[in-house]
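The values are calculated or read from the model by the stated rules, or taken from the named source; none is laboratory data. What you are looking at is a predicted structure, and each value in this text was computed from that prediction instead of being measured. Note that each Cβ is placed from the backbone with ideal geometry, even for glycine, and that neighbours are counted across all protein chains shown.
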């Protein structure tokens, strides 16, 4: 009898030591799942951008726009009921690779949640309901960070510390300034045009703007290494490579 009580206390102590509350298990799942899918998202973005560029080269700008919109939706976790034919195979590969990457994390998390249901926590109705919601999220493979949901800026990223509310300069002196409301401007000489930016998979920053006030919008891509060094490119994420610095030339 004493041995059984000791083992029960040991199990409960282990659960507490591992952060076995519903909220902590959920946060741990989100962290591991996000890390596991980060490279897959970057690959999806890179390959999808190449497909869109190919469509543009063939004069299919509408198709390229559709591909861009569907890629953004996919990366945000939205289901695509009718994908553009050019990316149907790519999305299928992404879904399969993502499912494989998440499976061990899902299995481990579900085991932890089941153990929690068998502990004293499982006698609390609110905790049980919370666990039920987490189980549903994990089973579906959803990765919508609890920390992000609680934040006013759900799309915030640590990389923003490097460039938000700062100006960055190209080798020829073009200035790119980013504000925390996901806006900013591009200034080359006396020409100043507005930007709208967002952080994409792999901490790549995508900004939409214009070269000149009367020119069509283009996409700029930025990769910030730290608060002093970065690279950028125009038109495609594959064009990343030109140096960018936080010091005005």
Residue within segment 39-54 that is modelled with pLDDT under 85, in a helix (DSSP H, G or I), more than 19 Å from residue 199 (Cβ to Cβ) and more than 15 Å from the chain's Cα centre (by Cα) present: no
Flag for residue 129 being more than 21 Å from the chain's Cα centre (by Cα) and surrounded by 12 or more Cβ atoms within 10 Å (Cβ to Cβ): no
2 or more residues closer than 22 Å to residue 249 by Cα: qualifying strands (runs of 3 or more DSSP E) within segment 173-232: 175-179, 183-188, 191-199, 218-224
Considering residues of segment 197-249 that are at positive phi and surrounded by 12 or more Cβ atoms within 10 Å (Cβ to Cβ) only, the residue modelled with the lowest pLDDT: 202
Of residues in segment 78-109 being outside any helix (DSSP H, G or I) and out of contact with any helix residue (DSSP H, G or I) (no Cβ under 7 Å at 6 or more places or on another chain), the one surrounded by the most Cβ atoms within 10 Å (Cβ to Cβ): 78
